[in-house]
Each structure stands twice: as C-alpha cells, then as structure tokens.
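I have placed the structure first, in the form of structure tokens, so that the comments after it can refer back to it.
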Amino acid sequence: AFHIEEIPNPNTIYDKQKWKNTTSQIADPICSVAAGKDGFIVGRSSGQVYQYTLPYIQRNENKFLLKCKPQTLSLNCNCTKFAIIDINGVLTFFDMEECPPGSKVPGYHKPDEKKEVWSVIWSTDNPDM
C-alpha cells in the first residue's frame, strides 16, 4: 500500500504489514476508483484522475482533469476510455488516448452528456461500446 500523494516505486516491494497510516489531512480526497485488466484509475474530488498500470502499479505521468466531481468511474474493456457519472447524475466520457481539438496532449473529456444516469456498463469485447 502507498499514499495517494506519492508515486509508487517499481523497485520497491510494498509490505502491508509495514505500512503506516498518515496522520496528515488530504485536501483532495479520493472519491471514486475503477479497475480493468490492464490497470486502474483513481478519481479525486477536484476532478483529477490518476491512471495506474498493472501488475507493477506504475502511475502514468499524465494527470487527467475532469470538468466535474466524479461519483462513479467505469473503465472500458481495454482501459483506454472511461465513463464518468458526476455527483449530479450526469454521464460523460473521457478518452485517455485522444487529443482534444487544438492540443497534442492525450486526454479528452468528451462534451456529450446524458442526464439522470446512475449506472453504466461497458461491453466486455468492444472498447467503443
């Protein structure tokens, strides 16, 4: 186990018996998590999303910034896109590989939205559905 504010070291074996809980307050707490076969993402109250790869728990250098506070995150089958349901029940999608218009940095929060959504399920064999 490691603290959300630290970047995991791939050369370190994390022993849960030696882990000590920090007493410091976190200004930006974790509010949602989603996992897939290749990795997982962690959403924070500020709208920041960290991407981690498995099995060695490497954090991707890109921090994605959402336009909302995520309540639920859901990864597609190949871990390249995720769905966001925010605290108001609005569903949006984020593509971690596509660049937004006018940018060369990957990570695009799509403008399309659907209101009054409480759950989302991705296809297990088609990453676009």
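The values are calculated or read from the model by the stated rules, or taken from the named source; none is laboratory data. All values derive from a computational prediction rather than experimental measurement. Don't worry about glycine lacking a Cβ; one is built from the backbone with ideal geometry, like all the others, and counts go over all protein chains shown. Heads up: the accessible areas ignore ligands, DNA and RNA and are worked out on the full protein's heavy atoms, side chains in. Shrake-Rupley method; radii C 1.70, N 1.55, O 1.52, S 1.80 Å.
With every protein chain left in place, what is the accessible area per residue of region 38-99 in square angstrom, probe 1.4 Å?
Numbers: 2730 Å² over 62 residues.
Averaged over the residues of region 38-99, the accessible area is 44 Å².
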In nm, spacing of pseudo-spin labels at residue 57 and residue 71 (7 Å Cα→C-beta vector) = 2.9
From most to least accessible, 1.4 Å probe, no ligand or DNA/RNA atoms counted, 108, 50 line up as 108, 50
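What is the sum of charges, Lys and Arg at +1 and Asp and Glu at -1, for the other residues whose Cβ falls under 12 Å from the Cβ of residue 85?
Numbers: positive: 69, 114, 115; negative: 86, 113, 116.
Taking every other residue near residue 85 into account, the sum is 0.
Using packing as a proxy for protection, rank 77-87, 35-45, 53-63, 96-106 so that the peptide with the highest average count of other Cβ atoms within 10 Å comes first.
Values: 77-87: 19.7, 35-45: 17.5, 53-63: 12.6, 96-106: 10.9.
Result, highest mean Cβ count within 10 Å first: 77-87, 35-45, 53-63, 96-106.
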Sequence-separation-based contact order of region 26-113, relative, with Cα cut under 8 Å and 6+ spacing, percent = 19
Cα gyration tensor shape for region 31-129, rounded if a/c is under 1.5, else prolate or oblate = rounded
Full-stretch length increase - residue 46, residue 99 - with 0.36 nm per residue and alpha-carbon distance subtracted = 16.9 nm
